[in-house]
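Working notes, beginning with the structure itself.
The values are calculated or read from the model by the stated rules, or taken from the named source; none is laboratory data. Worth saying up front: this structure is predicted, and the values here are computed from it rather than measured. Quick reminder, even Gly has a Cβ in these numbers, built from the backbone with ideal geometry, and neighbours come from all protein chains shown. For accessibility, only protein heavy atoms count, side chains too; no ligands or nucleic acids. Shrake-Rupley method; radii C 1.70, N 1.55, O 1.52, S 1.80 Å.
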Amino acid sequence: MARMPLALLAVLLLLLPVLAQDSRAPRVGPPRPAATPNADAPLETVEADVSTRTLEVTTGFTGHEIIVFGAIDNSQAPEGDANYYDVVVVVEGTPFPIVVRRKSDVGGVWINTSSVTFSSVPSYYAIASTRPIEEIAGPSVLERNAIGFQHIKMTPSASYKGVLKEYEVAAFRDAVIRLKKKQKLYVTEPKDGVVFAGRSLFRAAIPLPANVPVGPLVARTYLFRKGEAVSAHIARVTLHRAGLERVVHNFAFLHPAGYGLFAVLVAVGSGLLASTFFKRRNA
């Protein structure tokens, strides 16, 4: 009988380490490292399109508005962060040569004293962006992508090379931009020209004035993140003449002599009709 307590005591001594181990917190393994961005994740790209691919310009054309819309594929923007990306839309018209003249006061008479011919100047240029482009990227990035009035590629003809200084060329460039703005052919949409709808969808409205030159338009859409352009997309819109305006245009360019004679006959006939009408009215 005396041996029973000793046996129970021995059993308890053997079970004590096991009971102590079970009372400790369960082991969950080593701590997991903090989550890091997946380096193999696909890069974000921008896809865009325009509301119309062709637009007819007739004698009654009073202007139009095209919608540039698109989405960001593989968007990495956090939920609720609307400022993670910036989008810039540039719509550019067909480039044409242009002559810029400077007038000076010579003996009380304003006459043309100098001129510069730029071989290639966009006929139309519009910018829309999520915020002012100066806040989106630096001058070097804007220059590289030809974004902004000051970064439009305007190169004087070869005959002016070495004749004009850089500040003189800049003055003529500013004159071109000022004239185009006055004609509403160079426009900048105000803040929020590009509007996001959700994490990746966006849209921009680009106005086309009634005097927009006929020809192809190129809509360039840029995706910016942290001041750098990470993706770009190009869409095209074609403006073409239709109706009576097309007939008159083709007649003028295909048969210039006949068009000139026809214009003179119309002017003479209109003058004779007006003269006869006023004579009868005063009789």
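Placing +1 on each Lys and Arg Cβ and -1 on each Asp and Glu Cβ, with no other charges, gives segment 111-179 a dipole about its Cα centre of roughly 160 debye. Backbone amide hydrogens, once placed in the peptide plane, bring R241 within less than 5 Å of V57, excluding anything fewer than 5 places away on its chain. In terms of accessible area, using a 1.4 Å probe and ignoring ligands and nucleic acids, L261, L164, L208 rank largest first as L261, L164, L208. Against the criterion of solvent-accessible heavy-atom surface with a 1.4 angstrom probe, I234, I127 sort, most first, into I234, I127. Listed values for segment 129-136 are Karplus-derived 3J(HN,Hα) couplings in whole Hz (6.51 cos²θ - 1.76 cosθ + 1.60, θ = phi - 60°), namely 8, 5, 7, x, 5, 5, 8, 8, and x replaces Gly and Pro.
Residues R280, R236 ordered from highest to lowest accessible area at a 1.4 Å probe: R280, R236. Segment 93-139 and segment 48-83 have Cα centres lying 26 Å from one another.
The H on the amide N of L208, modeled in the peptide plane, is under 5 Å from the matching H of H64, E65, I66, each at least 5 residues off or on a different chain. When each of the peptides 179-185, 105-111 is scored by how many other beta carbons lie within 10 Å of its residues on average, the order from highest to lowest is 179-185, 105-111.
Put simply, the amide H of A146, placed in the peptide plane, has no neighbours under 5 Å, leaving out anything fewer than 5 places away on its chain.
Beyond 25 Å in Cα-Cα separation lie the following of the pairs K153/K184; K184/K226; K165/K226; K103/K182: K184/K226; K165/K226. With K and R counted +1 and D and E -1, the other residues having a Cβ less than 11 Å from that of Y186 yield a net charge of +4.
Computed 3J(HN,Hα) for segment 198-209, one whole-Hz value per residue from the Karplus formula 6.51 cos²θ - 1.76 cosθ + 1.60 where θ = phi - 60°, is x, 6, 10, 7, 8, 8, 8, 9, 10, x, 10, x, glycine and proline marked x. Computed from phi, the 3J(HN,Hα) profile of segment 227-238 under the Karplus parametrisation 6.51, -1.76, 1.60 (θ = phi - 60°) reads x, 10, 7, 9, 6, 8, 9, 10, 10, 10, 10, 10 Hz, with x in place of Gly and Pro.
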